[in-house]
Amino acid sequence: MNIEIKKADDDDRIGLRAILRTSFDTLSSLDTLELDCYINGQQSPCQWFVARSSQGHVIGCINASTRSNEGYINSLSVIEGHRGHGIGSMLVQEACEFLKTNDCNSVFLYVRPTNEGAQVFYEKLGFINCGLTKSHTLEDVVMLRKMI
């Protein structure tokens, strides 16, 4: 499988919207303008990366942002039929490289406690489970951290 990982650009916008709508229940009902505000409205500096198939289809995405010398992975998704082929790992690696170049020495992310598959995935990539905390919506989330 030939996969390209790259910074998202305007040509990726339609595919990025589709993945976000199908992957995150909180984004599924947003119209195009609202979803574009979400995509454009992440903390700065931030970067979206996409995974493209050999046919040019967007099959995965990740968003990374910085705050001081800390990095954050805000969203990661790979289309269901393409999971298990290392695409998520490649996207996380690309996001971590972006964060390193922006002087981050660690990266944080949050997952729902019920998303055990995501927790295992990130732990295999070297993330440490830091325990439960509250999200900005006061929802319980598991915080994971990795030094980069």
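Quick note: the coordinates plus some simple rules give every number you see, no bench work behind them. Bear in mind the structure is a predicted one, so any value in this text is a computation, not a measurement. Cβ placement follows ideal geometry from the backbone for every residue including glycine, while neighbour counts extend to all protein chains displayed.
The table below lists the values:
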| quantity | calculated |
| --- | --- |
| Fraction of beta bridges assigned by DSSP in the chain that are antiparallel (%, nearest 5) | 90 |
| Whichever lysines have a C-alpha closer than 27 Å to that of LYS7, once near sequence neighbours (fewer than 8 apart) are set aside | LYS100, LYS124, LYS146 |
| Proxy reagent accessibility, fewest Cβ within 10 Å first, across SER53, SER68, SER77 | SER68, SER53, SER77 |
| Separation of the THR114 and THR32 label points, Cα + 7 Å toward Cβ, nm | 3.3 |
| Estimated inter-spin distance, LEU132 and ASN69, nm [label 7 Å along Cα→Cβ] | 3.2 |
| Net charge of neighbours whose Cβ lies under 12 Å from the Cβ of ASP103, counting Lys and Arg as +1 and Asp and Glu as -1 | +1 |
| Read-out Kirkwood radius over Cα pairs in Å, derived from the coordinates shown; its label in (1) 15.6; (2) 15.1; (3) 26.5 | (1) |
| Qualifying GluC sites (Glu not before Pro) for segment 75-148 [loop in DSSP, other Cβ within 10 Å: at most 15] | GLU139 |
| Per-residue [θ]222 nm for the chain (sum of -39500 (n - 2.57) over DSSP H runs n ≥ 4, rounded to 500) | -9000 deg cm²/dmol |
